[in-house]
1. Which of the residues belonging to region 54-78 are touching a residue at least 60 places away in the same chain (Cβ under 8 Å) and outside any loop (DSSP other than H, G, I, E, B)?
2. For region 1-47, name all the residues that are surrounded by 10 or more Cβ atoms within 10 Å (Cβ to Cβ) and at pLDDT below 85.
3. Restricting to region 16-53, give me the number of residues that are assigned to a loop (DSSP other than H, G, I, E, B) and within 21 Å of the chain's Cα centre (by Cα).
Amino acid sequence: MCIEHSAQKVPTKEMPNFILKFLAFFIKDLHMPAKFLGQNTACSNAKAKKLLGWKPRSAEEAILATAKSMIELGLIDK
């Protein structure tokens, strides 16, 4: 199984905010994401690293592990 090959099928285009907000009127699952558009939702893991000695995965490692798990669980096709 080659995760990198599977990743080539992932869409990379962004949907304009106004389209998402419009679709949120008709698709219930889009209500919450539409509410957060344009808001700064940044957060920090500094406290967890300091107090717990936690060392998070790199973004690349986390994304590849997630993709591998989803393929193994049959949630997405290779």
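1. L64, A67, K68, I71
2. Hits for region 1-47 are I3, S6, A7.
3. Going through region 16-53 one residue at a time, the tally reaches 12.
The values are calculated or read from the model by the stated rules, or taken from the named source; none is laboratory data. Please read these numbers as outputs of a predicted model, since none were measured by experiment. As a convention, Cβ positions derive from the backbone with ideal geometry for all residues, glycine included, and neighbour counts pool all protein chains shown.
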